[in-house]
């Protein structure tokens, strides 16, 4: 046997893929002692080659900790594998001298890196509401599969639906007179005052059919609202053109429809 630390590296190549657990990609077996075998904890006995013997132990790694392997010199095609639920370090009293056997131990089991299942985000606050999220707060959505982002959701203004808020002004803490880049990308704090950003609003408005609701409230608790059953915002090349139609609400917020 080649003298390179007496370590056998078992790589589960394609031809072994069907015989090995999908959770395991490789293992290292070390020749711990020549001319000896471990007794008393043999799981099974197989007629196979050394690689297959180690692979068998790999598949049974919850039980198999080492293997006795026998090669009969006068019968080169007769090989014997004994997977064992023990190791010589834990059961030294069971290690017997036997010139026909070598003992190998499973040193390390390398786990295959599992492909992570992509997180599936809701497309809107309304989808979140329908899934049981009924508390006002900040959530993560992905309206079109092009990347998730955080939004503030209002789950209480209208019974039975959730609203994705793209602008919130409550106390004057945020300066809304901003440059073009800020208007595109958004600014502010989702827990306070903010502007979501034209790019995100465009994505929201074209991914699914949307309803636009505008709520206004004065400090004297005077309120007004407008609802547009059709609402969309163009992309940057279209200068983020706003299209609304099918108005209902209080007349104070009524505007011309495109």
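Rundown of residues vs (1) on the phi < 0 side of the Ramachandran plot; (2) assigned to a helix (DSSP H, G or I); (3) touching a residue at least 24 places away in the same chain (Cβ under 8 Å), yes/no style:
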{"site": "133", "(1), (2), (3)": "yes, no, yes"}
{"site": "158", "(1), (2), (3)": "yes, no, yes"}
{"site": "170", "(1), (2), (3)": "yes, no, no"}
{"site": "177", "(1), (2), (3)": "yes, no, no"}
{"site": "182", "(1), (2), (3)": "yes, yes, no"}
{"site": "190", "(1), (2), (3)": "yes, no, yes"}
{"site": "200", "(1), (2), (3)": "yes, yes, yes"}
{"site": "204", "(1), (2), (3)": "yes, yes, yes"}
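Meeting the requirement of 1 or more residues that are modelled with pLDDT of 85 or more and within 11 Å of residue 106 (Cα to Cα), the strands (runs of 3 or more DSSP E) wholly within the range 10-88 are 66-71, 79-84.
Considering only the range 206-228, state which residues are under 16 Å from residue 124 (Cα atoms) and in a strand (DSSP E or B). If you could, list the steps in order and put the result at the bottom.
First, pick out the residues of the range 206-228 that are under 16 Å from residue 124 (Cα atoms): 206-213.
212, 213, listed by residue number.
The values are calculated or read from the model by the stated rules, or taken from the named source; none is laboratory data. All figures in this text were calculated on a predicted structure; none of them were measured in a lab. As a convention, Cβ positions derive from the backbone with ideal geometry for all residues, glycine included, and neighbour counts pool all protein chains shown.
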